[in-house]
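Presented below is the structure to which this report refers.
The values are calculated or read from the model by the stated rules, or taken from the named source; none is laboratory data. Since this is a predicted model, take the numbers as computed values, not measurements. Please note: Cβ atoms are built from the backbone with ideal geometry, for glycine as well, and neighbour counts cover all protein chains shown.
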Amino acid sequence: MPQNLIRGYEIRLASPECHPGSDRLRAFISLEDDISEVLPYLNAELVGFDYHHQDKILLWANNGKIYAFRPHEIAIAPVLDNEEAQELTNNIIHTVNDVWQQRDKIQPNFEGRKRPPSLLDIYKLLPSTNCKECGFPTCMAFAATLRNDSSKSSLCPYLSEQEYARLLDKG
């Protein structure tokens, strides 16, 4: 039977440093074992992630919670109480161990999420005439929309789809 990667851990709850005394808590799971090796596999399996291979950190959002995986720690926020922290911990430990045991069937992913282009870089591709043909009051307002939703690029008749695609690929 394959061995679990995470065998021992300890849970600690804390208020966010920026909001002392807050009722929104963070759970910190201190791990006895280094989980660095599983991070590229988790990156491949989890949806809604951001991964920094060199820094050995994987961020994952799931069901309104943010998980931060580091070599000897998993942080979860927000957490309501000890009971929820324990339940979330059990679930994530199971997930990590399951991915670890299945790693020979998973293609690891060492890439992080692409960053969206800067607002100014998008703006530079627009005509800067504020013609409103896209339905937005200014080219800057349209650029801000494109930064969050690239599917609207066809609304501007003056935007080169090829240049915009190249900009998105640089991310």
### Query
Of the residues that sit in the stretch 8-52 and are modelled with pLDDT under 90 and among the charged types (D, E, K, R), which one is surrounded by the most Cβ atoms within 10 Å (Cβ to Cβ)?
Asp50
### Query
Restricting attention to the stretch 130-149, and to residues there that are touching a helix residue (DSSP H, G or I) at 6+ places or on another chain (Cβ under 7 Å) and touching a residue at least 24 places away in the same chain (Cβ under 8 Å), which single residue is nearest to Arg113 (Cα to Cα)?
Arg147
### Task
Kindly indicate the residue of the stretch 79-99 that is crowded, with 18+ Cβ neighbours inside 10 Å and more than 20 Å from the chain's Cα centre (by Cα) and also farthest from Tyr41 (Cα to Cα) among those meeting that condition.
Ala85
### Query
How many of the residues making up the stretch 133-145 are in a helix (DSSP H, G or I) and over 30 Å from the mean Cα position of the chain (by Cα)?
0
### Message
So Val96 ticks every box in (1) closer than 14 Å to Leu39 by Cα; (2) assigned to a loop (DSSP other than H, G, I, E, B) but one. Which box is left unticked?
### Response
(2)
### Task
Please enumerate the residues belonging to the stretch 146-166 that are part of a helix (DSSP H, G or I) and among the small types (Gly, Ala, Ser).
Ser150, Ser151, Ser153, Ser154, Ala165
